[in-house]
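Scroll down for the structure; my scribbles are underneath it.
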Amino acid sequence: MANVIKADAESIERAAGLLRAGGIVAFPTETVYGLGADALNPVACARIFEAKNRPSFDPLIVHIARTRELENLTETVPKRARSLIESFWPGPLTLVFEKKYTVPDIVTAGLPTVAVRMPAHIVALALIERTGRPIAAPSANPFGYISPTRADHVALQLGDAVDMILDGGDCAVGLESTIIRIDGERAVLLRPGGLALEEIEKIIGEVEDASGPSPSPKAPGQSLSHYSPRTPVRIVRNNDIAGRISGNAGLLSFRPPPDTAGYAHIEVLSASGDLREAAARLFSCLHELDSRGLDIIIAESVPETGLGRAIMNRLRRAESHYNKC
Ligand code: TXA
Ligand code: MG
């Protein structure tokens with residue numbers, strides 16, 4: 001893992017130099033690790049698609065360190081978007097705006113809109129500042145696979161395909177950002193994520209949920225096979241864990257299970273049943289289970305409030321990926 005480097009002032013400066021020169025660098029955010037390139041350099045952005053094996057129809061999120069950088073990316077910032085920015089940036093909230101001509105088409109996959117967020121991570125913010133450009137970054141995983149929440153996840157999945165991996169430790173939120181589009185009078189949820197919908201609705205009122213899976217995705221993150229481990233996943237409802245064991249099975253349980261007999265490996269999301277902790281651990285538990293050579297991963301469902309909505313969204317996608325195979 002030669003290209004993994006602990007994030008400090010010196011390595012961040014080097015990473016910024018690589019980005020300015022058209023390189024691609026993986027870096028930590030509070031949600032998941034991103035794979036960054038200079039958002040205003042289309043050739044550098046093309047390298048992201050190549051490294052991820054990502055279909056070119058899938059647009060990238062642009063990361064900024066100061067709200068005023070929005071002026072270079074969008075024509076207007078609607079009032080309700082402004083309220084959300086004041087309440088939640090920096091943080092796990094991505095907003096979709098009408099794009100300015102300056103944003104290359106490869107970043108937005110030809111859409112007239114651009115997705116922007118300000119990450120709440122000291123390394124990410126320093127990297128954007130030192131680079132002096134907005135940074136386009138999807139999650140730093142091969143297309144369709146589980147997002148990385150640690151530097152070694154990135155190294156294992158993408159390795160030498162990236163110029164540098166900045167190690168900033170574990171991601172505190174552990175789930176990708178929540179994506180919202182403010183569209184005239186409507187506020188639309190495109191992807192549930194690390195900021196609970198309830199929090200957003202407290203600020204701007206009701207948000208329309210358009211985050212369900214769709215065969216021709218509005219946000220390409222809605223495609224069914226996103227966020228999937230290679231091992232098949234089955235969600236167990238009614239906490240019916242004991243009845244579902246077949247073959248070499250692993251268990252992803254929300255709380256410590258009463259009966260663990262028969263499972264080859266078990267990962268517990270939260271000893272106390274806390275949804276925030278469960279969200280933070282979800283992807284690293286799935287990475288661990290996926291590395292164990294299991295026939296199936298049995299996943300216990302979690303309550304669908306707060307961050308539980310995003311957790312179940314990711315688990316359902318993982319399950320339907322298996323159904324399609
Ligand atoms: O937390 C996050 O959002 C992480 C970190 C690295 O910031 N990034 C992330 O990026 O999850 P990615 O590329 O894996 O997912 C971004 C999603 C995609 O599903 C894409 O479809 C959607 O954002 N998106 C990007 N631009 C969009 C646009 N203009 N309209 C609608 N959806 C958009
Ligand atoms: Mg992703």
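Yes/no per residue for (1) more than 10 Å from ligand 1 (Cβ to nearest atom); (2) of a type in the set (Gly, Ala, Ser); (3) within 20 Å of Ala310 (Cβ to Cβ):
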residue: Ser83; (1), (2), (3): yes, yes, no
residue: Pro90; (1), (2), (3): yes, no, yes
residue: Leu93; (1), (2), (3): no, no, yes
residue: Val96; (1), (2), (3): no, no, yes
residue: Asp105; (1), (2), (3): yes, no, no
residue: Leu111; (1), (2), (3): no, no, no
residue: Ala115; (1), (2), (3): no, yes, yes
residue: Ala120; (1), (2), (3): yes, yes, yes
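Using the structure shown, decide if Ala137 is assigned by TED's automatic domain parsing to the domain that holds Ala26, within 25 Å of Ala310 (Cβ to Cβ), near ligand 1 (Cβ under 10 Å from one of its atoms) and under 17 Å from the mean Cα position of the chain (by Cα).
Yes.
List the pairs whose first member sits in region 134-161 and is open to solvent by 30 Å² or more (accessible area, probe 1.4 Å), whose second member is outside any loop (DSSP other than H, G, I, E, B) and hydrophobic (A, V, I, L, M, F, W, C), and whose Cβ atoms are under 6 Å apart, counting only residues at least 6 apart or on separate chains?
The qualifying pairs are Ala161/Ala51.
Could you say which residue among Thr131, Thr178, Thr94 is over 19 Å from the mean Cα position of the chain (by Cα) and surrounded by 20 or more Cβ atoms within 10 Å (Cβ to Cβ)?
The unique qualifying residue is Thr131.
Given region 1-115, what helices (runs of 4 or more DSSP H) lie entirely inside it while holding 3 or more residues that are within 16 Å of ligand 2 (Cβ to nearest atom) and over 18 Å from Thr131 (Cβ atoms)?
42-52
Provide a single number: the residues in region 118-139 that are farther than 17 Å from Ala44 by Cα and among the β-branched types (Val, Ile, Thr).
Going through region 118-139 one residue at a time, the tally reaches 2.
The values are calculated or read from the model by the stated rules, or taken from the named source; none is laboratory data. This is a predicted model, so every value here is computed, not measured. With ideal geometry, Cβ positions are generated from the backbone for all residues, glycine too; neighbour counts draw on all protein chains shown. The protein model used for the area step is the full one, side chains on, heavy atoms only, and it has no ligands, DNA or RNA in it. Shrake-Rupley method; radii C 1.70, N 1.55, O 1.52, S 1.80 Å.
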